[in-house]
Structures are given as C-alpha cells and as structure tokens.
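J.: What follows is a single structure, and I will ask about it in a moment.
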Amino acid sequence: MATLAQPLVDPDADFSLPGWIYTDREFYEAEMARVIRPSWQIVCHESDLARPGEWRTIAYLGEQVAVVRGEDGAIRAFHNVCRHRAMRILEGASGCAKKLVCPYHAWTYELDGRLSGVPMKRDYPALKLEDNGLVPVGVSVWRGFVFIRLEDDGGPSVAEMMAPYDAEIAPYRFEEMRTISDVRLRDRAVNWKNVGDNYSDNLHIPVAHDGLTRLFGKSYAIEAAGWVDKMSGQLVDRPSDNVWERFYQKHLPRVEHLPEENQRLWLYYKLWPNMAFDIYADQIDFMQWLPTSPTTCVLREMCFALPDARREMKLVRYANWRINRVVNAEDTWLIERVQQGMASSSYTVGPIGASEVCLRSFAAKIRDRIPEARLHRAPAPGWSRRPHGI
C-alpha cells in the first residue's frame, strides 16, 4: 500500500472504477477491512465533551464506540462492549456519567476504561481486573474535532491529511466552534463510494444543480491533494431568482475574523475515504457516509458554528439549510440512479476526463489497496482469500 508521500502512479487512471465493485459482497468485505476500518471517522467536537464523564457514541461496521472525557481531562475512545457478556454499556448518542456501569450485571469501569468493580467478584476465580478493562480505540483531536479509527494501519493522521490546507482553514477558528445541529442519520440505497464520487464530481454541477450554478456562476473549482479533495466557489453578486438563495446573498453578514476573500467563499473538503466538511462564512457542516451493505449506506451529518447572536446570522444559517436541502435532494436522485446503473450487465468501466482529478485520485487509492478493482468484471468468488490477488 502506498503512503502517498509521492502521488500514486495508476496505469488505469483514464478509467473509472468498475461497476461490479459497487454491488459485490466480497469486494465490500475486502474494502471494509482494508479501507474503512483503518480510516478516521469524526465523532463530535471536543466542546461536546466539555466535562469529565461526558460521552458520545458512534456505530458503524457492526461496532459501537464510545468517546469519553476522563477525570484527567483526556479524551479516550473504547469499544462500547462489556468484557463480561458483551453487553452494550452506554445506550444512546450522548450522556454524562461518573462511572461506566454495565446495565446487565453492573460491572463498573472508570472513565479511563479500567475495570474497577465486579459484583460477586469471588465467583470469578480466573478474573484479573487489570486485564479486563474496556478495549481502547484509536482517538485523535484535530482543530477541536474528535476522530476515531478502529484499526491503525500506519496511515496518516487527520492533521497530516489536511496539512496542505491548514493555513487556509486556520482563520475559521474551528477550535472555538460549538454544535448547532446535532447528529442526523439518513439512509441511502447506494454503495458508499457513489456518495463520495458524487461529492467530488465537478462536471455535474452546471447540469444538475441549478441553485449552485446561480450562486457560483463559473467560479466552481476542484483540486486533489493526496488525501484530500478540495472544491470551492465564490458567491456571485447577481441576485438569484430563488428566494432563499437571494436572501442568503443579500443578508450574509460580515464575519470580522475572516479574510476579505473568504467572506463570500464556499469551501468543500473531502477526506479519504468517506468524510467531508463544507465551510461557509456562517457555519461548517460535517458529513460522513458509513457503509451498511454493498448497496446501502447511512449519511451521518452535524453542523457547527462560532457563537453569534446576530438575528441576520440566524436567518442566514436557516437559508443555508434550505439551499442545501435542495442540493441534497438533487444528489440523492442522481446517486440512486447511478447505483441502479452500476448493477447493469452493460456497464463495466467508464472514461474519466483529465479534469476529473478528484475521481482519479480516489480510484487510484482504491486500486492501490484492492488490486482487483482494476478488473472490469468480477473475478471468480474467493479471490479475496487467495494470497496474491490478481
């Protein structure tokens, strides 16, 4: 697997990923192991864990993970699974607790994961408390946001992935932001890669998104930098015919800490492999597309912003939501039909244009991790268990 210290050399760069890998069960299992389990996933903002004992959970790939603020102020992550009978310890999306107590048999864990209490402890002659703490999960905090990953394959941190854009993100003061819209989950009947492909696809903007075209004109641009795709557009001055777009254009208030060129800039970043955040002058949105099967996924979304009591800011944020609700509906219509087309026997691979740098970058990384993605048709079953693949 390449480290991407240098750009990947992809002999298949002029072709898309093949349709079969958007529906195939064996490929899905391989990419869960090689791509999703080792990848970083956002959980929350560290301000959501302000006090000792506050916790948040995230569930994906059959795993339940809890992120907890300890008495020492450290943020830790654990599998949300009791070491006794595998009971889920923390129920729900968030909460606060002095100790983590299993609701099945009352095994008790400290906020740092140590097992500290077992009813009828003498009934377990082989039990060693020090060997039965909660199983830790990798955790990282980047610019105030908390991420976890199920496995460490030596891949880069979020900070390392975002390094090419760190300077342009710094003025937004992520660390001082607060949650303004908690987690929303939305099921989608598409392979997870179709969500990401669409997110980084610039060519469909003038065709399928009339609203974004009215807002950005011809300013929409994309680039790929290793682990990150960047998209951007400047709001045009010509008033839109749409009421919410026009309201946003007219009433977006000045944000004093941002440079002049960022006042009316919309920025989008997609992080490898399934996570993105949209940066506006008024707020930022985080989104990840978590796989649930070869042909389904769930979108997990959150919104954050700096505290701002101005009435016009509150109204502009609502207008932003109205604009993006339309964009999301348009994208859902598109990707559902692409997913259906991927299942057609008529489709193998398609050509990728030289300008489609983000799609090329993603496809190269998938092929690097799973070489069978170079095949235009699915190989015979059992290919993922053979020692040398293709």
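The values are calculated or read from the model by the stated rules, or taken from the named source; none is laboratory data. What you see is a predicted model, and the numbers here were worked out from it, not measured in a lab. Note: ideal-geometry Cβ built from the backbone for every residue, glycine included; neighbour counts use all protein chains shown. Just the protein is used for accessible areas: all its heavy atoms, side chains included, with ligands, DNA and RNA removed. Shrake-Rupley method; radii C 1.70, N 1.55, O 1.52, S 1.80 Å.
J.: Cβ contacts < 8 Å: first residue over 17 Å from Ile205 (Cβ atoms) and touching a residue at least 60 places away in the same chain (Cβ under 8 Å), restricted to region 314-338; second residue buried (at least 16 other Cβ atoms within 10 Å of the Cβ) and among the basic types (Lys, Arg), any location; separation 6+ or different chain. Result?
T.: Glu336/Arg188
J.: Going by the conditions given, is Ile370 among the aliphatic types (A, V, I, L, M), closer than 24 Å to Pro206 by Cα and open to solvent by less than 20 Å² (accessible area, probe 1.4 Å)? Step through it out loud before you land on a result.
T.: Working: among the aliphatic types (A, V, I, L, M): yes; closer than 24 Å to Pro206 by Cα: no; open to solvent by less than 20 Å² (accessible area, probe 1.4 Å): yes.
So Ile370 fails the test.
J.: List every residue pair whose Cβ atoms lie under 7 Å apart, where the two residues are 6 or more positions apart in sequence or sit on different chains, the first residue falls within region 369-380 and is part of a helix (DSSP H, G or I), and the second residue, located anywhere, is open to solvent by 30 Å² or more (accessible area, probe 1.4 Å) and acidic (Asp, Glu).
T.: Short answer, once both residue conditions are applied: Arg374/Asp12.
J.: Additional query: Considering Asp237, Asp210, which residue is surrounded by fewer than 20 Cβ atoms within 10 Å (Cβ to Cβ) and either under 22 Å from the mean Cα position of the chain (by Cα) or closer than 30 Å to Met342 by Cα (or both)? Let's see the steps before the verdict.
T.: Numbers: Asp237 fails: either under 22 Å from the mean Cα position of the chain (by Cα) or closer than 30 Å to Met342 by Cα (or both).
Exactly one of Asp237, Asp210 is surrounded by fewer than 20 Cβ atoms within 10 Å (Cβ to Cβ) and either under 22 Å from the mean Cα position of the chain (by Cα) or closer than 30 Å to Met342 by Cα (or both), namely Asp210.
J.: Scan region 181-200 and report the pairs whose first residue is more than 14 Å from Leu290 (Cα to Cα) and whose second residue is open to solvent by less than 60 Å² (accessible area, probe 1.4 Å) and assigned to a helix (DSSP H, G or I), with Cβ atoms within less than 6 Å and a gap of 6+ or a chain change.
T.: Final answer for the pair search is Asn198/Asp331; Asn198/Ile335; Ser200/Cys358.
J.: Let me ask something else. Of the residues Lys250, Lys270, only one is among the charged types (D, E, K, R), farther than 22 Å from Glu46 by Cβ and surrounded by 21 or more Cβ atoms within 10 Å (Cβ to Cβ); which? I'd like the intermediate steps shown before the answer.
T.: Working: Lys250 fails: surrounded by 21 or more Cβ atoms within 10 Å (Cβ to Cβ).
Only one candidate qualifies: Lys270.
J.: So for region 186-205 (the condition being open to solvent by 70 Å² or more (accessible area, probe 1.4 Å), in contact with a helix residue (DSSP H, G or I) (Cβ under 7 Å, 6 or more places away or on another chain) and not small (Gly, Ala, Ser)), does at least one residue qualify? Steps first, answer last, please.
T.: Quick first cut of region 186-205, residues open to solvent by 70 Å² or more (accessible area, probe 1.4 Å) only: 187, 203.
Now drop any that are not in contact with a helix residue (DSSP H, G or I) (Cβ under 7 Å, 6 or more places away or on another chain), which leaves none.
Among the residues of region 186-205, not one is open to solvent by 70 Å² or more (accessible area, probe 1.4 Å), in contact with a helix residue (DSSP H, G or I) (Cβ under 7 Å, 6 or more places away or on another chain) and not small (Gly, Ala, Ser), which makes the answer no.
J.: If we scan region 270-280, do we find a residue that is of a type in the set (S, T, N, Q), at pLDDT 95 or above, within 19 Å of Glu31 (Cα to Cα) and not in a loop (DSSP other than H, G, I, E, B)? Before the answer, list the steps.
T.: Initially, region 270-280 is screened for residues of a type in the set (S, T, N, Q), giving 274.
Retained after the next criterion (residues that are at pLDDT 95 or above): 274.
Those left that are additionally within 19 Å of Glu31 (Cα to Cα): 274.
With not in a loop (DSSP other than H, G, I, E, B) added as a condition, the list becomes none.
No, region 270-280 has no match at all.
J.: Which of (1) open to solvent by 10 Å² or more (accessible area, probe 1.4 Å); (2) within 30 Å of Leu115 (Cα to Cα) is the odd one out, the single condition Arg173 does not satisfy?
T.: (2)
J.: If you don't mind, there's one more thing I want to ask. Report, ordered by the first and then the second residue, all pairs with beta carbons closer than 6 Å, sequence separation of six or more or different chains, a first member in region 1-20 that is assigned to a loop (DSSP other than H, G, I, E, B), and a second member that is small (Gly, Ala, Ser) and modelled with pLDDT of 90 or more.
T.: Short answer, once both residue conditions are applied: Leu4/Gly226; Leu8/Ala364; Asp10/Ala364; Ser16/Gly350; Leu17/Ala363; Leu17/Ala373.
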